[in-house]
Amino acid sequence: MKSRISVIIVAWNAEAFLGQCLASVFAQTGVDCEVIVVDNHSQDTTPEILKSYQDRLLLIKNDANRGFCAANNQGISRATGELILTLNSDVILAPDYARLLQRFLVDHPNTAMAQGKLLRFDGVTIDSLGLALSAAKRLFDSNAGEPDGERFNQPREIFGPCAAAALYRRDALEAVHDRHGYFDERFFFLAEDFDLAWRIRNQGGRAWYVPQAQARHFRHSAAHGSAYKQYLAFRNRYFMILKNANVRDVITMVPGMFWYDLPRLVYFLGTNSYATKALREVGECLRKQGAWHAEAADESA
């Protein structure tokens, strides 16, 4: 049985590729799709582009940039599909992308999330074959930057899908929804898909890479300052670890902390004006996570 797919696109100053992205969504074959676009207060020609598609999509307009996480949560909360496809505005889908991932989830009921082969715009370089975490909990897009080839043409299990073009079961998202949303809105953007995948995995959900489904990803279509991105990347990695790691995870991280985390922290403190803000927020997350876990233990006792 086929399931309806709700495509959620978050747009912020996305004029460069949004038209091509939407055209590729409306060209999807063999699937029942609804399209929801959340405009995070774009100041370029994004509103005009969306106006030309107004009869074919549900548009949610924000009066400020609420971030990737909150905007996706807005879209998911309005979605009617059993499957949710999160899609960056700078991704161009092959016509069978949604259908192939949908078929895989239908054929594999224990799979909660999936993604296809994401290539860069040159069509020959890997952008992402799924999310990966090292033993030190460093974050990677699998095989990013490598030339595409036959060795990448077999499905395989992955840690999670890159939210640039990820298909999730709606019930898997509902199972991990909490006071911070489906995507944790504290993240704003960066590492939010790692966190979501980890939470779904902690509930027993599995993720797969499906190479037959293909798309191209430009990346960095919406500009943020490098210092701000570094702040989010540093802070959000620790948010993710504090929320999801168990004792075994922490033990395996310890060696890596000396050769990766400590030098990184020293560099961050010396070069980034957001460093003290990041450390303060990580500390607050640690305090609140401890309090929340204590509450949950009391309630289950």
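The values are calculated or read from the model by the stated rules, or taken from the named source; none is laboratory data. These numbers come from a predicted model, not from an experiment. Cβ atoms come from the backbone with ideal geometry, glycine included; neighbour counts cover every protein chain shown.
Quick grid of which residues meet (1) of a type in the set (A, V, I, L, M, F, W, C); (2) assigned to a helix (DSSP H, G or I); (3) touching a Pro at 6+ places or on another chain (Cβ under 9 Å):
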site	(1), (2), (3)
SER6	no, no, no
GLN20	no, yes, no
SER24	no, yes, yes
VAL38	yes, no, no
ILE49	yes, yes, no
ASP55	no, no, no
ILE60	yes, no, no
ASN72	no, yes, no
SER77	no, yes, no
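Filter region 113-125 down to residues that are out of contact with any Cys (no Cβ under 8 Å at 6 or more places or on another chain) and not in a loop (DSSP other than H, G, I, E, B), then give me how many there are.
6
Do we find that ILE92 is among the β-branched types (Val, Ile, Thr), at pLDDT 95 or above, in contact with a Ser or Thr (Cβ under 7 Å, 6 or more places away or on another chain) and over 20 Å from ASP184 (Cα atoms) in this structure? Give the derivation first.
On the way: among the β-branched types (Val, Ile, Thr): yes; at pLDDT 95 or above: yes; in contact with a Ser or Thr (Cβ under 7 Å, 6 or more places away or on another chain): yes; over 20 Å from ASP184 (Cα atoms): yes.
Taking the combined requirement at face value, the residue satisfies it.
How about region 126-162: which of its residues are under 17 Å from ASN88 (Cβ atoms), out of contact with any helix residue (DSSP H, G or I) (no Cβ under 6 Å at 6 or more places or on another chain) and assigned to a strand (DSSP E or B)?
Answer for region 126-162, where residues must be under 17 Å from ASN88 (Cβ atoms), out of contact with any helix residue (DSSP H, G or I) (no Cβ under 6 Å at 6 or more places or on another chain) and assigned to a strand (DSSP E or B): ILE126, ASP127, SER128, ASP141.
Looking at region 112-145, which of its residues are more than 25 Å from LEU232 (Cα to Cα), surrounded by 14 or more Cβ atoms within 10 Å (Cβ to Cβ) and free of Cβ contacts under 8 Å to residues at least 40 places away in the same chain?
Of everything in region 112-145, just one residue is more than 25 Å from LEU232 (Cα to Cα), surrounded by 14 or more Cβ atoms within 10 Å (Cβ to Cβ) and free of Cβ contacts under 8 Å to residues at least 40 places away in the same chain, namely THR125.
Would you be able to say whether some residue in region 174-193 is in a helix (DSSP H, G or I), surrounded by fewer than 22 Cβ atoms within 10 Å (Cβ to Cβ) and free of Cβ contacts under 8 Å to residues at least 12 places away in the same chain?
yes
Can you tell me how many residues within region 257-301 are surrounded by 11 or more Cβ atoms within 10 Å (Cβ to Cβ), modelled with pLDDT under 80 and over 26 Å from the mean Cα position of the chain (by Cα)?
Of the residues in that region, 0 qualify.
Mind listing whichever residues of region 11-62 are out of contact with any helix residue (DSSP H, G or I) (no Cβ under 9 Å at 6 or more places or on another chain) and either among the hydrophobic types (A, V, I, L, M, F, W, C) or closer than 18 Å to GLY81 by Cβ (or both)?
Result: ALA16, PHE17, CYS21, ALA23, PHE26, ALA27, ASP32, GLU34.
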